[in-house]
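The structure follows.
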Amino acid sequence: MKSQRLTVGVLGGMGPEATVDFMAEVLAATPANEDQDHLRMLVDQNPQLLSRQLALAGKGGSPGPQLAAMARGLEKGGADFLVMPCNTAHAYQADIVAATTIPLVSIIDETVAECSGAEQVGLLATVGCFDAGVYQSAFAAAGQTLIMPTAAELEEFTRLVAAIKLGKQGEDIANAMATLANALVGRGAQVVVAGCTEIPLVLDASMLAVPLISSTAVLARSTVALALGERPLG
């Protein structure tokens, strides 16, 4: 019954276009013949959040309290569970969990589960995400080996993400991102994780010789399954 579907609370704005892309992925993953078949999503699109990158580098204040306030607002508004289409922001997952009584579905956990068949996983993610260690600890617990960018590659990745956030998403940016991903493949990666939700805005699976695991798409599919009751929540 449609009335039994769960309401999704989305902590968004990190970045704004990545949140819109996540919502589009949710729509695409939802079986629907009419408007009423789609999910109810409460979205707090808040790009004014303090920089996760600066905070994790010890150069800025923590966005944890802001994320906690957003989560409380979504719960008060009627959300049954929360999702956050930003990998780096999961460094502050504890702040969100402490502030609410509804589950937060982790993009990190869902993405790691999607990679269960691979022994060696290539990961593209931000400096802050690597500094927080959220993927390193999750893949280590799963017994999988991470292949990560070199310092020079990470510097180039930072440049590309900044360009994508500015709307520069042409062929040159896409090819440069594919070069970084394929460098991980060349070092033994059996799959490549797009561990930043800006990556799928330019990088397509057809550009790699191994599967591309989009954390955005993985979270969207999980969101639909949970909201429709196809998977138990919690």
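Which of the residues belonging to the stretch 197-217 are crowded, with 18+ Cβ neighbours inside 10 Å and of a type in the set (D, E, K, R)?
If the condition is that a residue be crowded, with 18+ Cβ neighbours inside 10 Å and of a type in the set (D, E, K, R), then Glu198 is the only one that fits.
Still on this model: Report whether or not Val105 is within 14 Å of the chain's Cα centre (by Cα) and either of a type in the set (Val, Ile, Thr) or under 26 Å from Arg159 (Cα atoms) (or both).
yes
Does Val161 fit the bill of being out of contact with any Asp or Glu (no Cβ under 9 Å at 6 or more places or on another chain) and of a type outside the set (Phe, Trp, Tyr)?
Values: out of contact with any Asp or Glu (no Cβ under 9 Å at 6 or more places or on another chain): no; of a type outside the set (Phe, Trp, Tyr): yes.
In short, no.
Is one or more of the residues making up the stretch 168-181 closer than 22 Å to Gly13 by Cβ, modelled with pLDDT of 95 or more and exposed (fewer than 15 other Cβ atoms within 10 Å of the Cβ)?
yes
This table checks each residue for (1) modelled with pLDDT of 95 or more; (2) hydrophobic (A, V, I, L, M, F, W, C); (3) within 19 Å of Val20 (Cα to Cα).
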site	(1), (2), (3)
Gly64	yes, no, no
Leu67	yes, yes, yes
Phe81	yes, yes, yes
Thr101	yes, no, no
Ser106	yes, no, yes
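Can you tell me which residue within the stretch 57-81, out of those that are crowded, with 22+ Cβ neighbours inside 10 Å and in contact with a helix residue (DSSP H, G or I) (Cβ under 7 Å, 6 or more places away or on another chain), is farthest from Ala132 (Cα to Cα)?
Ala71
What number of residues in the stretch 28-47 are among the acidic types (Asp, Glu) and crowded, with 17+ Cβ neighbours inside 10 Å?
Result for the stretch 28-47: 1.
I would also like to ask the following. Looking for whichever is buried (at least 23 other Cβ atoms within 10 Å of the Cβ) and over 18 Å from Val161 (Cβ atoms) here; the options are Val97, Val105, Val121, Val134. Which one fits?
Exactly one of Val97, Val105, Val121, Val134 is buried (at least 23 other Cβ atoms within 10 Å of the Cβ) and over 18 Å from Val161 (Cβ atoms), namely Val121.
Between Thr179, Thr216, Thr223, which is more than 30 Å from Leu39 (Cα to Cα), among the β-branched types (Val, Ile, Thr) and outside any loop (DSSP other than H, G, I, E, B)?
Answer to the check: Thr179.
The values are calculated or read from the model by the stated rules, or taken from the named source; none is laboratory data. The model shown is predicted, which means the values in this text are computed figures rather than measured ones. Quick reminder, even Gly has a Cβ in these numbers, built from the backbone with ideal geometry, and neighbours come from all protein chains shown.
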